[in-house]
Amino acid sequence: MIPTAIDTAAAIDWYRRNRVRSAAIFDLIEPAAYYSRPISLRNPIVFYEGHLPAFSVLAFVRRGLGRPGVDARLEKLFERGIDPDSETSAVPRSGAATVWPSRDEVLSFARACDDAVVEGMMDLAGAPEAIEGLYTALEHEAMHQETLLYMWHRIPYSQKLPASSQEIRRSGGIDSKENSVSPELLSSCKEIAAGTAKLGASRSETVFGWDNEFDAHDVHVPAFDVDVLPVTNAQFLEFITTGGYANRVLWDDEGWEWITRERVTHPAFWISRHPTPDTRDPQWQWRGMFAPLPLPPDWPVYVSHAEASAYARWKGRRLMTEAEFHRAAEGATPGHADFAGFEPIPVGAHPETASVYGVHDLIGNGWEWTSTVFAPFQGFTPMRSYPEYSADFFDGRHYVLKGASPATAKELIRPSFRNWFRGTYPYVYAKFRTAGQ
Ligand SMILES: [Fe+2]
């Protein structure tokens, strides 16, 4: 990586904006829920409020600048979260026995971290490791904001404070865009001619990228066809009513084992309401951030990779590969992203962002699952500021996601950015569409 220049004022501004948004996100939660764990495999909420500034000190101040930290004990406590994707290592690093600090103590630690980070930015000499550490800190916080928001989707409504939500919701949100999409578009595909996909980022041309983005390389992609729009809730409902979750042949072994063990019968973003005990067909609701909503038929369905793959198999189709996504997304621009709202919007609501092939909603409205197993590109080297960022996940059980969700910061939206999750992790803002040869 050859970072050359950094605008100190812009970096400080980004750091401040990050901190303000993080504070607004924590303000969405009732203080009484501060020590709870909304997702059992993850740390309690208190951890994250300390983790964000502690990590910035670790990556930038300590590893990047080679300076001392601010509080060795708290930096250790807040250093690293639980891998939400690895159930086999689900022993919490900070277990039930951990005594967490009071919120006042966390906030005063955070202020000390902020001071150290901003002071470090003031006299950045431009050393590559300092700049890498700085971007690592900045992008890490932005990524966590999305993680926090999807965790918040799991918290009981009584523990959330919607009054604070305006702080992170930009004006013009999306709830106003309830236009419905044409049925023809919902069932149409586009042919993508054979060609070259450009994956990854070039070290000589990039100021910062995560280790898994390097190196840049070309991949030949045979011709394929792909849905114009992501699969919607209404389309996925058909999969459910025709017995998709009970049909063994649609699931791979891991997915089947998961839905059987956890008794999964619908997407994690859906709530089933049985009107009366003897009614067999549930009425479905969407698990909105602040209230359940009648299931919006035109929103993309948010599901795990296992559910997406089962649906595609049911249709006699498959998911796109990472390289195919790059082909299909040529010329696409960001749509419903960068904290534009807490929920998705109807598919196809931003036609101006479609790719040159006329494929919609590729960058926004939910990450897009691919069939590609997360693995290093040729030339991968773990980064100094965060060596375990990617390397811990090259286990053949994580899949690449591309694009962006409504809660993905604009700074993270670039063609080379790669997200990844375990195939059976259902809490992410992740959609999919089907492809064929
Ligand atoms: Fe983290």
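The values are calculated or read from the model by the stated rules, or taken from the named source; none is laboratory data. Every value quoted in this text rests on a predicted model; they were computed, and no experiment measured them. Glycine gets a Cβ as well: all are built from the backbone with ideal geometry, and neighbour counts include every protein chain shown. Surface accessibility is based on the protein's heavy atoms, side chains included, excluding ligands, DNA and RNA. Shrake-Rupley method; radii C 1.70, N 1.55, O 1.52, S 1.80 Å.
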Placing each pseudo-label 7 Å from Cα in the direction of the beta carbon, residue 103 and residue 32 end up separated by a distance in nanometres of 1.3
If every Lys and Arg gets +1 and every Asp and Glu gets -1 at its Cβ, then about the Cα centre the range 1-71 yields a dipole, in debye to the nearest 20, of 200
Residue-ordered couplings for the range 10-21, obtained by feeding phi - 60° into the Karplus form 6.51 cos²θ - 1.76 cosθ + 1.60 and rounding to whole Hz (Gly and Pro as x), are 5, 5, 5, 4, 4, 4, 4, 4, 4, 5, 5, 5
Under the helix-only model (-39500 (n - 2.57) for each DSSP H run of 4 or more, divided by the residues of the chain), the mean residue ellipticity at 222 nm, to 500 deg cm²/dmol, is -8500 deg cm²/dmol
The chain: relative contact order from alpha carbon pairs under 8 Å, six or more residues apart, as a whole percent, is 19
Mean-square fluctuation maximum in Gaussian network of the chain, Cα pairs under 10 Å, restricted to 68, 426, 297, hits 68
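If you rank 367, 14 by how much accessible surface each has, with a 1.4 Å probe, what is the order from largest down?
Accessible-area ranking of 367, 14, largest first: 14, 367.
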Subtracting the Cα-Cα distance of residue 8 and residue 76 from 0.36 nm times their residue separation yields 21.7 nm
Expressed in nanometres to one decimal, the distance between label points 7 Å along Cα→Cβ at residue 20 and residue 218 is 4.5
Connecting every pair of Cα atoms under 10 Å apart in the chain and solving the GNM, the largest mean-square fluctuation among 347, 301, 373 falls on 373
Over all viewing directions the Cα convex hull of the range 290-425 casts an average projected area in nm² of 9.8
Around residue 220 (Cβ within 14 Å, Cβ-to-Cβ, excluding residue 220; K/R +1, D/E -1) the net charge comes to -1
The distance between the Cα centres of the range 226-259 and the range 323-341, in whole Å, is 24
The convex hull of the Cα atoms of the chain, divided by residue count, gives a volume in Å³ per residue of 147
Excluding residues fewer than 8 positions from residue 198 in its own chain, the aspartates and glutamates with Cα under 12 Å of it are 213, 215, 218, 322, 324, 330
Excluding ligands, DNA and RNA, the carbon-plus-sulfur percentage of the accessible area of the chain with a 1.4 Å probe reads 54
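Between residue 248 and residue 196, what is 0.36 nm times their sequence separation minus the Cα-Cα distance? Round to one decimal in nm.
15.1 nm
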